[in-house]
Every structure is written in C-alpha cells, then in structure tokens.
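Right, one structure below, let's go through it.
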Amino acid sequence: MMQQTMITPQFKADSLIDQLRQGIGFAPSPRRADAAVLLAITREDQPRVLLTRRASHMRHHAGEVSFPGGRREAGDTSNIVVALREAFEETGLNPFQVELLGELPSQRAKSGLWVKPIVGLIPPDVILVPQPDEIAEARFFDFDELPLIPPKGSIANSMIMQISQPKIRVD
C-alpha cells in the first residue's frame, strides 16, 4: 500500500487562477454530498471571492458569512448542480457565467452534513441580486481580506485556506 503525501506544487504560473487551473479538477466518480457550495472567484488580475451573509431571520445559519450554496434537493443530479442552483437562487448568479475549475475535499459541517465545495471562475463585473428571503448581502472580497472574514475553524475558513494554499494529493 502506497503512502499518501500532501505536497505544495511549484507552479510556474504567477496567478492564483493559473495555480488553481493546474492544481484542482473533478473526481471521476464523485461522492454524493448532502450539500454543496460554490467558491466563485472573479476572473481578473487580482481575483476576489464571493461571500454572502445569511439573512438574520433564517432558521439555520442566520447572519453567518458563507459561500453561496445549500442542501441537495431531490432533482439535483450532481454536486455541481447543487452548487450552481443554490448560487443562482441566493444571488442570481447565472450558471452559464461560471467556468468550473474543480472541487475541493468535502467538509463536515457543524450540523453533520457533508458539504462539497465546487470552485469556479466568474466575470468580475457580474451583476448579483441577493434573494432577501435567504441572503442579506452578497459581496466580493480580496484574498488578503479573507482570513479575517469567516471565523477560524469554520468550514468556510478551511475552504479558503485550501484555495489560497493549493495542494495536490499524490498517491
């Protein structure tokens, strides 16, 4: 049995987007997650990431800062479909404006649900319309601001660390 090792790749590309394009992808037979989120990164020299603040009247996760996303529904055929549908429902993000790059390892939420992060690029000038029933605010953040936004130890913070410090699993 071979030992699995995590290495940080030495990319020749300078930008985070180039590193992500080279460092992540999709599993050939992905595991069906309970929920999915979209890590939407703007396609520009200084990429930014989309975060939302949940509406204060929500029964679950009220006021929390998170990536657009949510639970799988009966008609959802993949983790990608869940992430894109939820991002559209919450922010009005057109799924056809998302260039899918890959997925990050599933994370276990406080609720016990398995959440699959899907990473995609979006235009920097995309128009978002937060759905007030679910989302109080949708906003873009520079990557250097991100460690200050979601609380340390949170699922969102863990995903941010995986993006800002990409690694490849070697078997």
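A single member of Ile118, Ile168 is among the β-branched types (Val, Ile, Thr) and at pLDDT 95 or above, and it is Ile118. If you go through the stretch 38-53 and keep only what is in contact with a helix residue (DSSP H, G or I) (Cβ under 9 Å, 6 or more places away or on another chain) and either surrounded by 22 or more Cβ atoms within 10 Å (Cβ to Cβ) or over 17 Å from Gln19 (Cβ atoms) (or both), you end up with Leu38, Leu39, Ala40, Ile41, Val49, Leu50, Leu51, Thr52. The residue that is farthest from the chain's Cα centre (by Cα), among those in the stretch 103-134 that are open to solvent by less than 30 Å² (accessible area, probe 1.4 Å) and hydrophobic (A, V, I, L, M, F, W, C), is Val126.
Going through (1) at pLDDT below 95; (2) touching an Asp or Glu at 6+ places or on another chain (Cβ under 8 Å) one by one, Thr8 falls short only on (2). Restricting attention to the stretch 45-80, the residues that are in contact (Cβ under 8 Å) with a residue 40 or more places away in the chain and more than 17 Å from Pro132 (Cα to Cα) add up to 9. Among the criteria (1) within 23 Å of Gln22 (Cβ to Cβ); (2) out of contact with any helix residue (DSSP H, G or I) (no Cβ under 9 Å at 6 or more places or on another chain); (3) open to solvent by less than 30 Å² (accessible area, probe 1.4 Å), the one Gln97 does not fulfil is (3).
Scanning the stretch 55-114 for residues that are of a type in the set (S, T, N, Q) and closer than 19 Å to Ala136 by Cβ, we see that the one that is modelled with the lowest pLDDT is Ser56. Pairs linking a residue in the stretch 17-44 that is closer than 15 Å to Lys116 by Cα to a residue that is at pLDDT below 85, with Cβ atoms under 8 Å and 6 or more positions apart or on different chains, are Ile24/Pro166; Ala35/Ala109; Val37/Met159; Leu39/Met159; Leu39/Ile163. Quick check on my filter: what residues within the stretch 82-99 are touching a residue at least 40 places away in the same chain (Cβ under 8 Å) and either aromatic (Phe, Trp, Tyr) or farther than 11 Å from Pro123 by Cα (or both)? Residues satisfying the conditions are Val82, Ala83, Leu84, Glu86, Ala87, Glu89, Glu90, Thr91. Number of residues in the stretch 54-72 that are in a loop (DSSP other than H, G, I, E, B), at positive phi and open to solvent by less than 50 Å² (accessible area, probe 1.4 Å) equals 1.
The values are calculated or read from the model by the stated rules, or taken from the named source; none is laboratory data. This one's a predicted model, so the numbers in the text were calculated from it and none came from an experiment. Neighbour counts are summed over all protein chains in view; Cβ atoms, including those assigned to glycine, are modelled from backbone coordinates with ideal geometry. Remember, those area values only see protein heavy atoms, side chains included, never the ligands or the DNA or RNA. Shrake-Rupley method; radii C 1.70, N 1.55, O 1.52, S 1.80 Å.
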